[in-house]
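Here's the structure we're looking at; comments come further down.
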Amino acid sequence: MIMKRNHPASIICLALLLLIYSCNHIKNGEKLSSSERSTINNLFKLDAGEKVYKFYSEHTSDVAGNFFTNKRIANYWLDKNDKARTAVNFAWYSDIISIDTVFYAGATYCPYMLITRKDSSQFKVFADGDKADVNDFFTGAMNNWKRSGK
């Protein structure tokens, strides 16, 4: 008689593999979907000629996004269940006084840039994935800021 066993470890491993495979990654701005572009434009009203260079979402793009353009750095978190947790932030490069990068933010957080504006307000822009891709995201944003004359 052959007995079937339930293999919870196998199911957990499969679920983890699917989660890892489906993890979000940093996108080139040219690869954004029309829905992603629409969300960004509705929230931030991009200027004529403003180009998104890199984009990352730690959730789905209709809920969260982090990006930089040739004119600004921005992030958003849209909480449909708790409007008090909704946040939409951006800073023009000319309004930024510092960008601090945190590559190792602990086990529960992904790498981020801490953006500090001239008025001392701050917000974080997250990017996760391959270490080289995160570095490219951070370096690209900082280079655009430096080119703007900070």
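The values are calculated or read from the model by the stated rules, or taken from the named source; none is laboratory data. Just so it is clear, the structure is predicted and the values come from calculations on it, not from any experiment. Cβ: placed from backbone, ideal geometry, glycine included. Neighbour counts: every protein chain shown.
Couple of notes before you dig in:
- Verdict on ILE115 being surrounded by fewer than 21 Cβ atoms within 10 Å (Cβ to Cβ) and in contact with a Lys or Arg (Cβ under 8 Å, 6 or more places away or on another chain): no
- In a residue-by-residue description of the range 48-68, the property of being at pLDDT 85 or above, in contact with a His (Cβ under 9 Å, 6 or more places away or on another chain) and of a type outside the set (Gly, Ala, Ser) applies to at least one position.
So that you can scan it fast, the table gives a plain yes or no per residue for (1) in contact (Cβ under 8 Å) with a residue 24 or more places away in the chain; (2) part of a loop (DSSP other than H, G, I, E, B); (3) more than 16 Å from VAL52 (Cα to Cα); (4) not basic (Lys, Arg):
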| residue | (1), (2), (3), (4) |
| --- | --- |
| ASN66 | yes, no, no, yes |
| ASN81 | no, yes, yes, yes |
| ALA91 | yes, no, no, yes |
| SER94 | yes, no, yes, yes |
| ALA105 | no, yes, yes, yes |
| MET113 | yes, no, yes, yes |
| TRP145 | yes, no, no, yes |
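- The number of residues in the range 102-125 being touching a Ser or Thr at 6+ places or on another chain (Cβ under 9 Å) and among the polar types (S, T, N, Q) comes to 2.
- Scanning the range 128-143 for residues that are at pLDDT 95 or above and touching a strand residue (DSSP E or B) at 6+ places or on another chain (Cβ under 8 Å) gives ASP136, PHE137, PHE138, GLY140, ALA141, MET142.
- Residue list for the range 47-63, filter: farther than 22 Å from THR139 by Cβ and either surrounded by 15 or more Cβ atoms within 10 Å (Cβ to Cβ) or touching a residue at least 60 places away in the same chain (Cβ under 8 Å) (or both): SER61, VAL63
- Subset of the range 91-112 (residues that are within 19 Å of TRP77 (Cβ to Cβ) and surrounded by 16 or more Cβ atoms within 10 Å (Cβ to Cβ)): ALA91, CYS110, PRO111, TYR112
- Which listed residue, of ASP119, ASP136, ASP128, is under 12 Å from PHE68 (Cβ atoms), acidic (Asp, Glu) and not in a strand (DSSP E or B): ASP136
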